[in-house]
1. For segment 212-226, in order, what is each residue's ³J(HN,Hα) by Karplus, 6.51 cos²θ - 1.76 cosθ + 1.60 with θ = phi - 60°, in whole Hz (x at glycine and Pro)?
2. Please name whichever of Val222, Leu281, Gly305 sits farthest to the positive end of the charge dipole of segment 202-322, dipole taken about the Cα centre and charges placed at Cβ: Lys and Arg +1, Asp and Glu -1.
3. Mind listing the long-range amide H neighbours of Asp68? Cut-off is under 5 Å, sequence gap 5 or more, other chains count too, H placed in the peptide plane at 1.01 Å from N.
4. Per residue of segment 96-109, what does 6.51 cos²θ - 1.76 cosθ + 1.60 with θ = phi - 60° give for ³J(HN,Hα)? Whole Hz please, x for Gly and Pro, Karplus curve as stated.
5. Amide H of Phe207: which non-local residues (sequence gap of 5 or more, or other chain) have their own amide H closer than 5 Å, using H built in the peptide plane?
6. Quick one: which of Lys239/Lys315; Lys30/Lys299; Lys216/Lys298; Lys189/Lys298; Lys30/Lys298 span more than 20 angstrom between C-alpha atoms?
7. Scan around Lys315 for amide H atoms under 5 Å from its own, H built in the peptide plane at 1.01 Å from N, and keep only partners 5 or more places away or cross-chain.
8. Please list 3J(HN,Hα) in residue order for segment 298-309, calculated via the Karplus relation 6.51 cos²θ - 1.76 cosθ + 1.60 where θ = phi - 60°; whole Hz, with x for glycine and proline.
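Rule-based calculations on the coordinates, nothing more; no lab input. Nothing here was measured: the structure is a model prediction, and the numbers come from that model. Heads up, the Cβs are rebuilt from the backbone with ideal geometry, glycines too, and the neighbour counts pull from every protein chain shown.
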Amino acid sequence: MTTPPPKRQKRNEYRNERNAQETGPIQMPKKRLFRQRAHANPFSDHQLSYPISPDHMDWSVHFPAYVDPDPSKTNAAGARKLLKDVKVADIGCGFGGLLVALAPVMPDTLMVGMEIRIQVLEYVTARIQALRSQQPPPEAPPESTPSDESLQTQTQSQAPAPATPSPSSTAVSRASYQNISAIRTNTMKFLPNFFSRHQLSSIFICFPDPHFKARKHKARIVSTTLNAEYAYVLRPGGKLYTITDVEDLHLWMVSHFEGSADDAAGNGISELWERVGDEELEQDVCVKIMREETEEGKKVTRNGGKKFVAVWRRKEDPEWIP
């Protein structure tokens, strides 16, 4: 009897171990059981499900602890509404390191990771489920809390902020990870289907695919069109965070947000964004987490590579002149 090829045998071993993990007690997933190609073609038909509008999105399955207790409050699709809106989006969330690190620091803010790769999303989902199972269920959250934007207020103020994340005892006690989730989608095509105008307070783009070849640059997650969509869903004063270990991609993103790559065509993207200064970045706890807690960030640190950070604040809408 011939033995199966090594790759097939290894896949069968992974499959059996993963099935055993899924049928047993909830535990932290193992990355090696969720093998996935590093890149996905954003222009391919991935057979994705997405809402026809933000008011048709069912967030209740992602944040069950925040479902409005009044069953009469439903959205256009008949799904239960939440007590508060999602405010943070991690585009291309990878294995969820940023979401998990931000959850106890921003316990009153709903955050969602957006990932196109199936296996990676399954890992993030299993990871969040395991973290939730390890924590006691939180008390019913209030309909509105002043701390939803506390982190943004802290980093925008002139008062010095702590150099490292130091959540309060209340935040630590409420770190039940009920405020984070992840969905499979293609943000290059469907971002406005999930979020309404000015809904988000923060967007993160961490270590995106650099698409080195010039003919692949159209697949980069930062472009004139996409920057306009980010400005649409991000509230004035909100921030868009970028980080990469590829200097060429960093310069590409900077040029497109500053408008130097687009103003010649009369697109006016620079009217919507202003770059956050280095002094403010040093006080921003999100930047520190983005550098140190993401899986790619840790890998770059191990390899002794450089990390290029740029953060952009959404400006007020320019006055319309008829």
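1. 4, 5, 4, 6, 9, 4, 5, 8, 5, 6, 10, 7, 4, 5, 5
2. My answer, from the dipole projection, is Gly305.
3. Lys81, Leu82, Leu83
4. x, x, 5, 4, 5, 6, 7, 3, x, 7, 10, x, 9, 10
5. Under 5 Å from the amide H of Phe207: Ile243, Thr244.
6. On the way: Lys239/Lys315 10 Å; Lys30/Lys299 17 Å; Lys216/Lys298 26 Å; Lys189/Lys298 29 Å; Lys30/Lys298 17 Å.
Long pairs (Cα-Cα over 20 Å): Lys216/Lys298; Lys189/Lys298.
7. Gly237, Trp273, Glu274
8. Calculated HN-Hα couplings, in order: 5, 5, 5, 4, 4, 8, x, x, 9, 10, 10, 10 Hz.
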